[in-house]
Every structure is written in structure tokens, then in C-alpha cells.
Amino acid sequence: MPQGTAIHRPGCDNSGWTNNGSFSFDFGNNGSESVYPSKVDLHQLGAGFGGHSWFGHTRADDAQGNHLKISGTWKLNKSLDSQATVMVHLPDHGAQTHLATYEITVNGGTRTCTISLDGSTNRWVPLGAFRFNNVPQVKLTTIAANGTGDEAIAFDAVAFVPGHHSGVDITLPEPNPDAPNVDWDSINKAQDMQAPDYEIVPPDPAGPGASSRAVNPDAEPYQRKGWSCGTPNAKGIAGCSRIVASKDKMTKLPPFSPPRQNVARVASTFDPIVSWCTNTRGSHKYTRFEGCFHSTYEYIAVDTEDGSTFAEQDFDLFQQVKLNQKSRYFTLRRGYLRLRNRAVEFIAHLAAW
């Protein structure tokens, strides 16, 4: 409402301020008609800054919603070459939407800020601090993410408050033409890392043998320090497993009696995705975009009556990770190599549980 306009609502004041810009509307139609159905949804109230505000109703961002779209634009009457806080005034009624999206034209582009307009008082709300080197402009439309034509959206007043705010400007040093080129080979050189921590799911207590799949319903998961164990089966045999990730722990593995029976390695079929991975157990290396982790997975079957190891099997655990620099996804591949076992016919022993 122009400054000085008579206010008919008691208690409202339209003085003590100066208009320093312009406000205008744009109305949507179907692009071919010379009429604008959206104008039917523009209303005004004796509420808000200076005792007056406009409002429409939120619409979906589809053909019908844009047919009824109303856009309001506030524009300062001069250019700003400074930081400034953008404030919007909200009325005490005539605005219910929680998803009013303001577009602020700033130096170098447009920023958006979505706020709730619902409230019971006339108030100023900050949209944020921005850097301007242009004529500041703020735009609000009736398009909202949950627009159904039911909730009111208000067009009230906007203010720009110059000031200095930390974090708004990013100042870069002057370029150094004599600076050395980036040594990408050094940056991407594989580095050693601490052995990763793994959380192991306890093995299935039943085992593969059909005759052994009954589980004692009163049995608790077997406890063995440093291992993750399952519940014993009906014959008192519990499966335990762990991942030994560091070379130090690998060299301190307790001896078994009788000694392990070494068998030929059997590699899983997968194509390596990290070319520099080494076949060294206990080696964990990474670059900026790749990782190579080499551990040992151990599985034992324990007789819970006396705690003796009934059978055991070790596997090489190979993990390779590759990050795609141009994608939100990454690739992970795992390989397993059988190392050795202590049971002459390990599968046969499992089946006989």
C-alpha cells in the first residue's frame, strides 16, 4: 500500500517508514489466452506491514498450478555493493503455508530460502545474509511443494539491511604464477592405514547336516574370547568366527594340535578393480580414491562340553574399494582364498554334527 494511504483498521500505522523500491505482480495463464485466471486468486487484507498485505493460495508445480501461478517481486531502487541481511515481513493472519520459497537475486546468481509463514503476530523474519554487487531483488510465487490451493501464502514487505557477516564472503589469496604443479603421483601414492574393525555375524548354529539342524532351545550363544560365536546345536557344537586384520595378530595365532593341514589356495572368481593391490595378508592401503584391505577370516567348530576345537578353516579375505570421481556410487569387491584346514574332510565333519 503506498505510504500515506489512509488505514481503516484501528491500531494500524502506515507512517514512519520510507519506500525505497518497487513491488510488482506477474500472473500465470496457459500461454495462449489473453486472460489470466490466476488474478482471481489474488486477495488483500488489512494486516501486515503498514496495515496491508496481499495473498493467494499455494499451487502444485504442474500445468494447472502454473496456470494459476502468482509471482510477486520486490526490487530495491539502487545497487548494493556490500553484504546485507534480507528480511521479510509476515502478517499476523492470512498466511498458513509452511513452504514459502523466496528467491534472492545476489551477486553471481540466485539463492533460495524456504520458510513457514504461519503465525499469529506481525513480525520480521530474516532469510539470511548475502553478498550483493547488484540491484537486490526478492521473488515469491504461489508454487509450493505441497500446494493444493488450500493454504494461503502472503506477499507483505521486504527490507535489505547492510552489514558485515562472517562466512558470507570467501577471500582467496592472489594467484602465485611460480607455484609448483600438483604432484598427483605423490598424492595418489598408496599409504598404509590402521587395520579396519569388523563386526562379525555369528555363524549359523545348525550346520549343513540335515541330522544336526535341531537347536537346543535353552542354549545361549557360546562365549569364546575374541570370537563371535553362535548358539550350540543339539550335539553341543558351536560355530565361532573372527577376522584377523593385522599382521601382528596373525603372527600370534595359537598353535593347533594336530597341526593344520595346508591345502592349495582356491581363488574366487572376480576381476580386480584396484591394480596396485598386493597379495600380502595383513596389508591395508589406500589412496584418495581406492582402497585395498587384506585380512584373514577364521572359522572354528567348538565342542562346548570341553571347549576343544572340533574343526577349523581359514580364508584369505580380499577387499577392494574404488570411488568413482564422477558418481555418487562406489564399487566394492570381495574375494576369498581358502588357506588351510585342520579337519581332513571338513565338510564331512560339518555334515555329521
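Each value in this text was obtained by applying a stated rule to the coordinates, not by laboratory testing. Since this is a predicted model, take the numbers as computed values, not measurements. Counting neighbours? That spans all protein chains shown, and the Cβs are built from the backbone with ideal geometry, glycine included.
Couple of notes before you dig in:
- Using a simple spin-label model with pseudo-atoms 7 Å out from Cα toward Cβ, residue 225 and residue 125 lie 6.1 nm apart.
- Each of 17, 184, 54 has some number of other Cβ atoms within 10 Å of its Cβ, and from fewest to most they run 184, 17, 54.
- Taking other C-beta atoms within 10 Å as the exposure proxy, 227, 74, 124 rank 124, 227, 74 from fewest upward.
- Added length on full extension, which subtracts the Cα-Cα distance from 0.36 nm per residue, residue 146 to residue 101: 15.0 nm
- In terms of other Cβ atoms within 10 Å, 328, 123 run from fewest to most in the order 328, 123.
- Pairwise FRET efficiency - residue 178 versus residue 85, Cβ, R0 = 45 Å, nearest 0.05: 0.65
- Spherically averaged projected area of the range 21-162 from its Cα convex hull (nm²): 8.4
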